[in-house]
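Contents: one structure, followed by commentary.
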Amino acid sequence: MTKKKPPDNDNALFRELMSDVKPLAAKPRIIPARTRPVPRPEPRQDSPPEATAFIKRETAPATQAEERLDFTRGGAKRRQLLRLRRGEIPTEARLDLHGHTIAEAGAILHDFLDASHQAGHRCVLIVHGKGHRSDTGQPVLKTQLNHWLRDEPRVLAFHSAQPCHGGAGALYVLLRRCR
């Protein structure tokens, strides 16, 4: 048996080696059916959403000046809550309620939450103070905020701030995403 000398050209060599190769029979392609997206109703624009009334609660259990507040609602992830507690989520807006009455604070808070939610802010800081200068020496705004924010559907979670942001006199508030 004599050996053939390989040609100098690579293309000619490839063609020679592949001369007896035949392509496989092609199977018909199956095209997957496209799933239609689930229709979602569009929000109604003719009537504004109902606002949560932030009014003073006479029966709200009092909180202490140095008490740490913590609240979570379903929908918040565990890792996200841990970052909130540590103050690792950047705050995108800040509200200072020092020196305001409960009625003023309720109105200001409502407007602030509306604006923050519409702006797409995820985490905000609310400074309420510890109540050392109130008539009773107790944190009046802190007590009211503790209950107002629990009733607010746009709030996923809140936690007392780190000392560098106000400690027990401030809250990190995690808001729902604006749709």
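Table: residues versus (1) at pLDDT 90 or above; (2) surrounded by 19 or more Cβ atoms within 10 Å (Cβ to Cβ); (3) within 18 Å of the chain's Cα centre (by Cα).
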| residue | (1), (2), (3) |
| --- | --- |
| 120 | yes, no, yes |
| 137 | no, no, no |
| 144 | no, yes, no |
| 148 | no, yes, no |
| 151 | no, no, yes |
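All conditions in (1) touching a residue at least 12 places away in the same chain (Cβ under 8 Å); (2) not in a strand (DSSP E or B) hold for residue 111, with the sole exception of (1). Among the residues of the range 145-158, is any assigned to a loop (DSSP other than H, G, I, E, B), in contact (Cβ under 8 Å) with a residue 12 or more places away in the chain and more than 23 Å from residue 67 (Cα to Cα)? Taking every residue of the range 145-158 in turn, at least one turns out to be assigned to a loop (DSSP other than H, G, I, E, B), in contact (Cβ under 8 Å) with a residue 12 or more places away in the chain and more than 23 Å from residue 67 (Cα to Cα). Could you tell me whether any residue of the range 167-176 is modelled with pLDDT under 90, under 15 Å from the mean Cα position of the chain (by Cα) and either within 22 Å of residue 90 (Cβ to Cβ) or part of a loop (DSSP other than H, G, I, E, B) (or both)? Yes. Suppose we keep only residues that are hydrophobic (A, V, I, L, M, F, W, C), in a helix (DSSP H, G or I) and touching a residue at least 40 places away in the same chain (Cβ under 8 Å) within the range 73-97. Which one would you say is surrounded by the most Cβ atoms within 10 Å (Cβ to Cβ)? Checking each candidate, the answer is 84.
The values are calculated or read from the model by the stated rules, or taken from the named source; none is laboratory data. Owing to the predicted nature of the structure, the values given are computational and were not obtained by experimental measurement. When we count neighbours, we look across all protein chains shown, and the Cβ atoms used for this are built from the backbone with ideal geometry, even at glycine.
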